[in-house]
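None of the figures in this text is laboratory data; all of them are computed from the coordinates on show. What you see is a predicted model, and the numbers here were worked out from it, not measured in a lab. Here the Cβ positions follow ideal geometry from the backbone for every residue, glycine too, while neighbour counts run over all protein chains shown.
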Amino acid sequence: MTLKQLINLPLIWLFKGLTLADLGVLRYWPSAAGVRADKYYSLGSLYMLEGRPQRARRCFLTSLVLRSGAPARRSSSVNALYGLARAYWQLERPEGAAFAYRRILRDYKDSDDKAQMARVEIMEFMAEQYRARGQFDRAEQSLLSALAWYETKLGEGSHQVATTLCNLGGWLIEAKEYERAEQHLKRAALIGAADSEGFEPLLTVLYNLGVSYFAQERYTEAENYYEKAIATVESGKEIDQ
């Protein structure tokens, strides 16, 4: 099936096999534009999974153009913009990703909470992209910006703070920045130990601390954290750090 055929799949429940293109109603019926915008977004997502960001970029842009003529549905536009940012990053065009980010923030300008959350999501997304390119200093700064927001809004002992610290510590181990990694991981471990409901990434935190110490040939400390990780698995309970 070609791209054109996929986009113009018949809406059987409305026209018994006739396509919107055949009827020529796209220009006059806004909701039809919304349906096709969703199809282009889905197709763009498939292209991203296949590692074809150039085609994905075109689909996301087409989705945005079609959505501009459809009834307001901000979540769909924002999803397409996030997809567009991912495509631009894979194409190594950060200026395109910046355009998508500005549009997301503009769409949320009437909601302070959503705008702030969008900024956090953008920081985390940028951190992932920098990490994938081996730019760990930039990745750390972006993730620390997200961490500061979580600490303010959710509290320093929240699951999200601990998860972000866990991720940050793991990335810094990849960068062989062991001392900085340990600072973040130990803090995540303390949050996990104090959490009566259980903190799922605690095993990863303990294991990564062992990895960090082992890489520095600090074998006694590495063994200590490996044993704590094993004890966590065996007991199913949080243990004293």
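Sorting L91, L84 by the number of Cβ atoms found within 10 Å of their own Cβ, with the fewest placed first, yields L91, L84. Residue exposure proxy: R57, R102, R187, R138, ordered by other Cβ atoms within 10 angstrom of their Cβ from fewest to most, comes out as R102, R138, R187, R57. Listed values for segment 143-152 are Karplus-derived 3J(HN,Hα) couplings in whole Hz (6.51 cos²θ - 1.76 cosθ + 1.60, θ = phi - 60°), namely 6, 5, 5, 5, 4, 4, 5, 4, 5, 6, and x replaces Gly and Pro.
List R67, R58, R131, R106 from most exposed to least, where exposure is judged by having the fewest other Cβ atoms within 10 Å.
Numbers: R67 25, R58 18, R131 21, R106 11.
Listing R67, R58, R131, R106 from fewest to most nearby Cβ atoms yields R106, R58, R131, R67.
With bins 10 Å wide beginning at 0, the percent of Cα pairs of segment 128-227 falling in each bin runs 17, 47, 31, 5. Here the simple spin-label model places points 7 Å from the Cα toward Cβ, and for K186 and E221 these points are separated by 0.7 nm.
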